[in-house]
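Q: Handing you this structure, nothing more for now.
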């Protein structure tokens, strides 16, 4: 429940008294709509902020029960955040908004967590992002469920990025944060895909229309990923007259992309592992760090300054300075008044000369450095994982500690974990922790919710009238047979500036029975089977492609005689269609690196009320046996090799739903798996059966599970943990009768 420490009437009275006495009010209290603020640098110009506070009441305006590990967004008079809630079968991710002045909770949404191995204590990793222009809130859940909410909490649009785009969900849980720039939502994901995006996992960048969710462009600037989940959040700025999105990649490089088109401008190879630190761009210099092995030495960690005006591979040419043996792997840099502040993995705060990298001073702020520092009102506001919250006043030779609090769990004798940073908004400080969400401020300061000034990122050069690149929008389409889809063609000049919409000539590929009109309206064949193809627009000597997946009504069947179904998505680079005993079957082999468990999705995430079935065959090598199974609406049936069991589960890391039975089965033998999900009232009934393929189907289900917090929709899929080869054949999806 919310606890308001000071009443609204008290604040109003204080404001009137100050006005009558002719006293000046504090500077305009602005907002903090994204995790590093309006400037994307962690710096605020607000003054009048407290130098001390207490979880027990000092300068605590309000608090609410909450379990969070990210940074809140303060905008549109609200504070919004994501986190986790529940216990056992009720464990869920949650997104909520509060009245920023009073702490009244305005709305809350809870989500089941699907198709991931991320544990509960890492749920709610990436921060939410607000758009002051529309009042929309953008939130990506730990399992890749991207949602956009309006002011009232209604869903505007959403994507199931795992099932529909191919986002992988590694067990580490590190999740990036959406970024709003102009009329786009910018977001990067790691994973496999389909069509031109297919193949092994890559770190991919997407530009969405922030109002509609249409994908305008996607870009894959890098190569093999070194980490399957990273949390770097890019920054947008104008360099050399070009609007750039600069971000750390899972392949260990920093990339600068044209923010409106995704074209790569330059790259800087920093680390042999993925980048988790978010870069900071000030003028024409990028500041960034990492804590893994460097590419040119065996030393771990480095802080660098990069000249952002280059092109191509600038690794050897555009490094301004470096600081070695400084393992800053998670906390992002902060630059203010010529000093660069960084926090290493052991929670040591360093002040560096931003021009040279020389260390000016250092001090300890705890034991584990994850969160990023924030500057406001001449002070540094710093959080640390073990519940430590500090307010520091930095100087040329050190920092004076003004306040130190250790957040405690209310009903337990232990500290509360803190992973997020402070958000500075409306003359207050907002922060979330494992123990709650807090609004901190002087009790007699009048509250005014005003939007801040957007950073001046206008391009320095006006757009020309000569197109350099085209976009077919939407660039990704999931359609049903008989649908009509309207496409448009957007043109950009060589500097990445929007010129306007274009008239184009159109062509189709691999979309049997479909047609497209002269003005770009695609009509799909209502009688067509599942298929995937492309729409190409041509203007002069330029062309652009949109990818289209078309799904027929159920039933579906697949025997792989025509190869891998092009509309299937995900699964990594170990998938192939091969001949076994005279038949073409679908093989999933061991991953070359990383985790051997992969899922492949066969249809839209909006599906429900169906049964999925497949024939499966597992090999054995020594004592190694695989697990092999099916997915239906976020529920998985696993035929487990080493355990010799059949299991129904949802959310593999937590086994939120778990039923199992002993089921001895042999390698090198074909079995048939069948998984059905029905929503009955307020619960889901999940039923699974397995039998030797050569035998008759048993009348009874082998295993049944009931879920009182049901998954209502989800894509059908196949899944396997396969350090050795497994095979699928005769896959079908039918509507429940």
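Q: Dividing the convex hull volume of the alpha carbon atoms of region 556-735 by its residue count, what do you get in Å³ per residue?
A: Hull volume normalised by residue count: 117 Å³.
Q: I've got another one for you. How high is the relative contact order of region 469-551? Use alpha-carbon pairs under 8 Å, at least six apart in sequence, and give a whole percent.
A: 37 percent.
Q: Can you give the FRET efficiency to the nearest 0.05 for residue 559 and residue 87, using r as the Cβ-Cβ distance and R₀ = 51 Å?
A: Efficiency computed from Cβ-Cβ geometry: 0.70.
Q: Sorting 691, 194 on the 10 Å Cβ count, fewest up front, what's the list?
A: So the ranking, lowest neighbour count to highest, is 691, 194.
Q: Let me ask something additional. With a 10 Å radius around each residue's Cβ, average the other Cβ atoms per peptide and rank 614-622, 386-394, highest first.
A: Answer by packing, highest mean first, reads 386-394, 614-622.
Q: Rg/Rh for region 158-238: what does it come to with C-alpha atoms and Rh from Kirkwood?
A: 0.94
Q: To the nearest Å, what is the center-to-center distance of region 637-692 and region 400-474, using C-alpha atoms only?
A: Using only Cα atoms, the two centres lie 43 Å from each other.
Q: Another question, then. How high is the FRET efficiency from residue 209 to residue 669, r the C-beta distance, R0 30 Å, rounded to 0.05?
A: 0.05
Q: How long are the semi-axes of the equivalent ellipsoid of region 409-489, defined as square roots of 5 times the Cα gyration tensor eigenvalues? Whole Å, largest first.
A: Taking √(5λ) for each eigenvalue gives 46, 26, 14 Å, largest first.
Q: Find how much the distance from residue 311 to residue 58 grows on full extension, using 0.36 nm per residue of separation minus their present alpha carbon separation; answer in nm with one decimal.
A: 85.9 nm
Q: Using per-residue counts of other Cβ atoms within 10 Å, averaged over each peptide, order 503-509, 417-423 from highest down.
A: In decreasing order of mean packing, 503-509, 417-423 become 417-423, 503-509.
Q: Let's test this: bin the Cα-Cα distances of region 101-150 at 10 Å from zero up to the farthest pair and state each bin's percent.
A: Per 10 Å bin, starting at 0, the Cα pair percentages come out as 20, 48, 26, 5.
Q: Once you sort the root eigenvalues of the Cα gyration tensor of region 279-405 as a ≥ b ≥ c, which label holds: rounded (a/c under 1.5), prolate (a/b larger than b/c) or oblate (the other case)?
A: The shape class here is prolate.
Q: For region 640-715, what is Rg from Cα atoms divided by 2.2 N^0.38 Å, rounded to two decimals?
A: So region 640-715 has a normalised radius of gyration of 1.18.
Q: For residue 414 paired with residue 346, estimate the spin-label separation in nm (one decimal), with each label point 7 Å from Cα along the Cα-to-Cβ line.
A: Simple spin-label model gives 2.5 nm for this pair.
Q: Plugging the Kirkwood radius over Cα pairs into Stokes-Einstein for region 545-615, at a temperature of 25 °C and a viscosity of 0.890 mPa s, what D comes out in µm²/s?
A: 173
Q: I would also like to ask the following. If R₀ is 41 angstrom, what is the calculated FRET efficiency for the pair residue 606 and residue 466, using the beta carbon separation as r and rounding to 0.05?
A: For residue 606 and residue 466, the calculated efficiency is 0.50.
Q: Could you give the angle, 0 to 90 degrees to the nearest 10, between helix 8-20's Cα long axis and the longest principal axis of the Cα atoms of the chain?
A: 40
Q: I've got another one for you. If you average over every viewing direction, what projected area does the convex hull of the Cα atoms of the chain give, in nm²?
A: About 34.2 nm², averaged over all directions.
Q: Something else now. Using 5 Å bins from zero, what percent of all Cα-Cα pairs in region 333-436 falls into each bin?
A: 2, 13, 24, 24, 19, 10, 5, 2, 1, 0
Q: Next question. Let me know the Rg and Dmax you get for region 115-254 when you use only its Cα atoms, in Å.
A: Using the Cα atoms of region 115-254, the pair Rg, Dmax is 14.6, 44 Å.
Q: In whole Å, what are the extents of region 469-551 along the principal axes defined by its C-alpha atoms, from largest to smallest?
A: Projected onto the principal axes, the Cα atoms of region 469-551 cover 43, 20, 17 Å.
Q: Restricting to Cα pairs below 8 Å that are 6+ residues apart, what does the relative contact order work out to for the chain? Please round to a whole percent.
A: 12
Q: Order 242-251, 54-63 from most to least packed using the mean count of other Cβ atoms within 10 Å.
A: Most protected by this proxy first, the peptides run 242-251, 54-63.
Any read-out appearing in this document is the output of simple, stated calculations on the displayed coordinates, not a laboratory observation. These numbers were taken from a predicted model, which means no experiment stands behind them. Note that we place each Cβ from the backbone using ideal geometry, even for glycine, and neighbour counts take in every protein chain shown.
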